[in-house]
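For reference, the structure is listed below as structure tokens.
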Amino acid sequence: MSTENSAIAFTSAPLSRLRSSGLAFGFLGVLAFSFTVPFTRIAVEGLHPLFVGTARAVVAGVLAAIALLVTRSRVPRGTQWARLAVIALGIVGGFPVLTSLALQTTTAGHSAVIIGLLPAVTASVVVIRTGERPGPRFWTFSAVGAVAVVGYSLAAHGALSAPTIGDLYLLGAVVLAAVGYAEGGLMAREIGAWQTISWALVVALPVMTTATAVEWVVDPPRATSGQWLAFAYLGVVSMFLGFFAWYRGLALGPMTAVSQVQLIQPILTLVWSAALLGEPVTSAMIVGGAVIIGCARGAVRSRVRATGSANPAAPHRTAAIPRSHPLPVSR
């Protein structure tokens with residue numbers, strides 16, 4: 001592979017342009033992810049949850065390897081491999097597998113309540129990992145948004161039950177995904193957004209392929225064409241293409257602000273669930289959705305401070321991919 005430089009270059013630009021670009025790409029990523037739950041529900045009707053969790057990473061990993069070979073992308077160096085392993089653990093293996101395990105003992109609605117905490121946890125990890133320092137307004141809107149998401153999920157899917165092992169799986173999934181998002185956003189500033197998810201998928205490919213093969217032998221998949229199509233979406237879009245936009249948005253930043261775009265994902269998921277699965281929409285869900293949108297808007301409009309060099313995309317800078325950057329996601 002060649003050493004073509006696809007890292008993000010930073011140039012002077014207004015803060016408004018930085019925010020609008022990061023938020024736009026972040027929204028595209030969330031839009032892609034918002035179909036994950038309804039399509040997972042369709043897929044697991046004929047496929048084992050563990051197979052869905054591991055095999056979709058194999059599909060995405062094969063596509064990633066092909067893309068990296070065709071574009072002759074630069075091979076990561078040194079500690080970048082360890083950081084890619086962290087990303088792979090978080091969003092390629094950890095989150096899909098742990099949520100699949102949880103769905104064996106908990107409902108999708110109960111899972112949505114805990115996964116709804118992901119934006120707040122992601123923002124916390126970003127603060128620890130980078131130099132971004134959101135103000136009190138950001139944390140206020142983020143906290144209210146997290147509470148609103150929980151209430152929204154309860155209104156949509158029913159009351160919380162007593163804690164179970166499934167809750168531990170879901171909490172682990174949220175923490176791992178938050179770490180994978182934060183580290184992925186930082187890596188995207190160095191090697192490019194789509195390259196980050198692609199290399200992470202390739203790093204995880206041997207393990208996920210082995211797990212998929214074992215699951216295939218233990219419980220051979222039997223599914224309809226519609227269920228296979230739903231699975232294909234999970235592998236191609238949820239696990240691969242969606243991260244092109246999501247990591248690009250996080251890289252442009254501010255990462256804490258972009259992470260709060262996730263607050264609207266439950267609303268979008270409800271819309272798709274109603275359209276695809278015939279699930280009802282109540283007035284309580286509409287009110288909850290309006291509150292969540294308001295909280296997300298307040299959080300992303302909050303000012304973010306950067307300290308030292310920990311945040312390579314300080315608020316007075318913006319990021320732009322050089323013209324030589326392969327497979328642009330902005331078209």
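Of the residues making up the stretch 231-259, those that are crowded, with 24+ Cβ neighbours inside 10 Å and either more than 18 Å from A188 (Cβ to Cβ) or among the hydroxyl-bearing types (S, T, Y) (or both) number 5.
From the list L68, L84, L89, the one residue that fits, being assigned to a helix (DSSP H, G or I), surrounded by fewer than 20 Cβ atoms within 10 Å (Cβ to Cβ), at pLDDT 90 or above and not β-branched (V, I, T), is L89. Among the candidates T196, T209, the residue that is touching a helix residue (DSSP H, G or I) at 6+ places or on another chain (Cβ under 7 Å), at pLDDT 95 or above and surrounded by fewer than 17 Cβ atoms within 10 Å (Cβ to Cβ) is uniquely T209. When E183, E190 are checked against the criterion of being under 23 Å from L117 (Cα atoms) and of a type in the set (D, E, K, R), E183 stands alone in meeting it. Restricting the stretch 105-148 to residues that are over 25 Å from A251 (Cβ atoms) and β-branched (V, I, T), the residue that is modelled with the highest pLDDT is T140. Residue pairs whose Cβ atoms lie under 8 Å apart, sitting 6 or more positions apart in sequence or on different chains, and linking a residue in the stretch 25-43 that is modelled with pLDDT under 85 to a partner that is not in a helix (DSSP H, G or I), are T40/L103. Within the stretch 33-49, being in a helix (DSSP H, G or I) and surrounded by fewer than 21 Cβ atoms within 10 Å (Cβ to Cβ) holds for F33, R41, P49. Of all residue pairs spaced 6 or more apart or on separate chains, those with beta-carbon atoms under 9 Å, a first member in the stretch 127-141 that is of a type in the set (A, V, I, L, M, F, W, C) and a second member that is surrounded by fewer than 17 Cβ atoms within 10 Å (Cβ to Cβ) and in a helix (DSSP H, G or I) are F141/G294; F141/R297.
Cβ-Cβ contacts under 7 Å between residues 6 or more apart (or on different chains), taken from a first residue in the stretch 252-265 that is more than 9 Å from G26 (Cα to Cα) to a second residue that is among the aromatic types (F, W, Y) and at pLDDT 85 or above, are listed as L252/F25; Q265/F33.
Each row is one residue, and each column tells you yes or no for (1) modelled with pLDDT of 80 or more; (2) over 14 Å from the mean Cα position of the chain (by Cα).
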residue	(1), (2)
E190	yes, yes
D219	yes, yes
Q227	yes, yes
G235	yes, no
L252	yes, yes
Q260	yes, no
P266	no, no
M285	no, yes
C295	no, yes
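Of the helices (runs of 4 or more DSSP H) lying entirely inside the stretch 170-274, the ones with 1 or more residues being out of contact with any strand residue (DSSP E or B) (no Cβ under 8 Å at 6 or more places or on another chain) and charged (D, E, K, R) are found at 193-218, 242-252. Could you go through the stretch 88-98 and let me know if any residue there is over 27 Å from L263 (Cβ atoms) and in contact (Cβ under 8 Å) with a residue 24 or more places away in the chain. So far as the stretch 88-98 goes, no, none of its residues is over 27 Å from L263 (Cβ atoms) and in contact (Cβ under 8 Å) with a residue 24 or more places away in the chain.
The values are calculated or read from the model by the stated rules, or taken from the named source; none is laboratory data. The structure presented is a predicted model; accordingly, all values stated were derived computationally and were not measured. Every residue, glycine as well, gets a Cβ built from its backbone with ideal geometry; the counts of neighbours run over all protein chains shown.
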